[in-house]
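*Asks:* This is the structure I want to talk about, given as structure tokens.
The values are calculated or read from the model by the stated rules, or taken from the named source; none is laboratory data. Quick caveat, the model's predicted, so the values are computed rather than measured. Positions of Cβ are generated from backbone atoms using ideal geometry, with glycine treated the same way; all protein chains shown enter the neighbour counts.
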Amino acid sequence: MSYAEIHFHLLPGLDDGPSSIEESMALAAAAAAEGTGTIVATPHVHPEHVTDVSILPDQVHEVRAQLAAERIRLRVRCGGELAHNMVWRLAASELETIAHGPPGRRWLLLEAPFAGFDDGYTAAADELRARGFGVVVAHPERALGPGEAWWAAIEHELTAGSALQINAWSVTGCYGEQIRSAALALLRRAPLAAVASDAHGGARMPALTLALDALTSSGFADARRFIDAAPYRLLAHGLPAGVREAAA
Ligand SMILES: [Fe+2]
């Protein structure tokens with residue numbers, strides 16, 4: 001089974017990811033070289049980046065065409081890394097544009113704020129569930145705030161059936177020991193978790209192979225499941241909105 005990336009800034013010129021189609025292709029080629037078969041293109045849907053998601057499907061088509069022209073074998077899906085303060089600005093049809101999973105089990109990648117979880121994040125996640133979407137929490141290990149509030153926010157999400165997406169660079173220790181330890185604790189705790197590169201280009205290239213080595217060294221048996229079975233399961237089977245998901 002190939003790997004799948006559910007958090008990856010692949011589309012050019014939209015956010016702090018690649019600035020040109022050439023940089024996008026370099027990212028895609030690096031991902032394909034380490035065994036990735038599917039990338040969900042997740043630009044920041046954020047007040048300072050993409051606010052009109054209707055432009056994204058055409059951008060994805062252009063990237064697919066260039067991949068075909070350059071004979072880079074990758075499937076690309078249209079997604080977005082949704083900032084929690086955008087939730088109330090998007091209509092259901094707009095959320096659908098960046099959602100994944102089969103009908104009735106659609107989910108969104110909701111960005112954990114680097115300043116730490118707060119009531120606004122939980123309210124946004126609850127609002128998505130009320131509107132029929134499940135939630136995949138993007139890089140919760142990078143939202144470390146006061147320990148008690150951090151765990152409370154995560155427990156709220158896990159109880160509600162959310163999945164977690166942990167960054168590959170976090171498990172390698174690139175962001176320090178505190179974040180690495182948090183990432184490993186979350187992977188042990190969450191019933192359903194996937195590791196993704198959150199690649200942007202520059203220093204943040206695809207890192208699933210590095211993450212796999214780091215997880216194996218940290219004692220995870222069958223660490224590959226975090227980068228193949230788990231993300232493909234999310235894409236194929238989705239998440240319930242507001243119901244605890246059975247263990248992976
Ligand atoms: Fe991201």
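*Asks:* Return the residues of the stretch 164-195 that are hydroxyl-bearing (Ser, Thr, Tyr), away from the ligand (no atom under 14 Å from the Cβ) and more than 24 Å from Leu74 (Cβ to Cβ); say none if nothing qualifies.
*Replies:* Ser181, the sole residue that qualifies.
*Asks:* Hey, another quick one. If you take the residues in the stretch 172-192 that are touching a residue at least 40 places away in the same chain (Cβ under 8 Å) and closer than 28 Å to Phe133 by Cα, which one is surrounded by the most Cβ atoms within 10 Å (Cβ to Cβ)? Please lay out each step first, then the result.
*Replies:* Taking the stretch 172-192 and keeping what is touching a residue at least 40 places away in the same chain (Cβ under 8 Å), we get 172-173, 182-183, 186, 191-192.
Imposing the further condition that a residue be closer than 28 Å to Phe133 by Cα reduces the set to 182-183, 186, 191-192.
Working: Ala182: 23, Ala183: 30, Leu186: 21, Pro191: 14, Leu192: 19.
Restricting to residues being touching a residue at least 40 places away in the same chain (Cβ under 8 Å) and closer than 28 Å to Phe133 by Cα, the top hit is Ala183.
*Asks:* Please verify whether the stretch 13-21 includes one or more residues that are within 13 Å of the ligand (Cβ to nearest atom), more than 16 Å from the chain's Cα centre (by Cα), free of Cβ contacts under 8 Å to residues at least 60 places away in the same chain and within 20 Å of Val87 (Cα to Cα).
*Replies:* There is at least one residue in the stretch 13-21 that is within 13 Å of the ligand (Cβ to nearest atom), more than 16 Å from the chain's Cα centre (by Cα), free of Cβ contacts under 8 Å to residues at least 60 places away in the same chain and within 20 Å of Val87 (Cα to Cα).
*Asks:* Of a type in the set (D, E, K, R), more than 16 Å from the ligand (Cβ to nearest atom) and in contact (Cβ under 8 Å) with a residue 12 or more places away in the chain, is that true of Arg105?
*Replies:* Against the criterion (of a type in the set (D, E, K, R), more than 16 Å from the ligand (Cβ to nearest atom) and in contact (Cβ under 8 Å) with a residue 12 or more places away in the chain), Arg105 qualifies.
*Asks:* May I ask you to say which residue of Ala168, Ala221 is out of contact with any His (no Cβ under 6 Å at 6 or more places or on another chain) and buried (at least 23 other Cβ atoms within 10 Å of the Cβ)?
*Replies:* Going through Ala168, Ala221 in turn, the sole match is Ala168.
*Asks:* Shifting gears a bit: Just to be sure before I move on: is Val60 under 23 Å from Leu234 (Cα atoms), within 16 Å of the ligand (Cβ to nearest atom), hydrophobic (A, V, I, L, M, F, W, C) and in contact with a Lys or Arg (Cβ under 9 Å, 6 or more places away or on another chain) in the structure I sent?
*Replies:* Working: under 23 Å from Leu234 (Cα atoms): yes; within 16 Å of the ligand (Cβ to nearest atom): no; hydrophobic (A, V, I, L, M, F, W, C): yes; in contact with a Lys or Arg (Cβ under 9 Å, 6 or more places away or on another chain): yes.
It is false that Val60 is under 23 Å from Leu234 (Cα atoms), within 16 Å of the ligand (Cβ to nearest atom), hydrophobic (A, V, I, L, M, F, W, C) and in contact with a Lys or Arg (Cβ under 9 Å, 6 or more places away or on another chain).
*Asks:* Return the total of residues in the stretch 196-236 being within 14 Å of the ligand (Cβ to nearest atom) and closer than 16 Å to Val136 by Cα.
*Replies:* 3
*Asks:* Within the stretch 149-162, does at least one residue satisfy the condition of being of a type in the set (S, T, N, Q), in contact (Cβ under 8 Å) with a residue 12 or more places away in the chain and buried (at least 24 other Cβ atoms within 10 Å of the Cβ)?
*Replies:* There is at least one residue in the stretch 149-162 that is of a type in the set (S, T, N, Q), in contact (Cβ under 8 Å) with a residue 12 or more places away in the chain and buried (at least 24 other Cβ atoms within 10 Å of the Cβ).
*Asks:* Moving on to the next point. What number of residues within the stretch 217-241 are within 20 Å of Cys78 (Cβ to Cβ), in a helix (DSSP H, G or I) and out of contact with any Ser or Thr (no Cβ under 9 Å at 6 or more places or on another chain)?
*Replies:* Of the residues in that region, 4 qualify.
*Asks:* Now for a different question. Can you tell me which of Thr172, Thr122 is under 18 Å from the mean Cα position of the chain (by Cα) and within 18 Å of Glu5 (Cβ to Cβ)?
*Replies:* Exactly one residue qualifies, and that residue is Thr172.
*Asks:* Select from the stretch 99-124 the residues that are part of a helix (DSSP H, G or I) and crowded, with 18+ Cβ neighbours inside 10 Å and list them in ascending order.
*Replies:* If the condition is that a residue be part of a helix (DSSP H, G or I) and crowded, with 18+ Cβ neighbours inside 10 Å, then Tyr121, Ala124 are the ones that fit.
*Asks:* Shifting gears a bit: Specify which of the listed residues (Arg106, Arg71) is under 19 Å from Ala28 (Cβ atoms) and either touching a strand residue (DSSP E or B) at 6+ places or on another chain (Cβ under 6 Å) or at pLDDT 95 or above (or both).
*Replies:* Every option except Arg71 fails the conditions.
*Asks:* Kindly evaluate His49 against the criterion of being within 16 Å of the chain's Cα centre (by Cα) and within 16 Å of the ligand (Cβ to nearest atom).
*Replies:* Working: within 16 Å of the chain's Cα centre (by Cα): no; within 16 Å of the ligand (Cβ to nearest atom): yes.
No; evaluated as a whole, the condition is false for this residue.
*Asks:* Further question: Can you name the residue in the stretch 22-46 that is out of contact with any helix residue (DSSP H, G or I) (no Cβ under 8 Å at 6 or more places or on another chain) and away from the ligand (no atom under 15 Å from the Cβ) and is also farthest from Glu81 (Cα to Cα) among such residues?
*Replies:* In this case the residue turns out to be Ala33.
*Asks:* Just one of the numbered conditions (1) in a helix (DSSP H, G or I); (2) more than 20 Å from Thr38 (Cα to Cα) is not true of Glu96; which one?
*Replies:* Unmet for Glu96, out of (1) in a helix (DSSP H, G or I); (2) more than 20 Å from Thr38 (Cα to Cα): (2).
*Asks:* Same structure, new question: With respect to Val171, is the statement that it is among the β-branched types (Val, Ile, Thr) and assigned to a strand (DSSP E or B) true?
*Replies:* In short, no.
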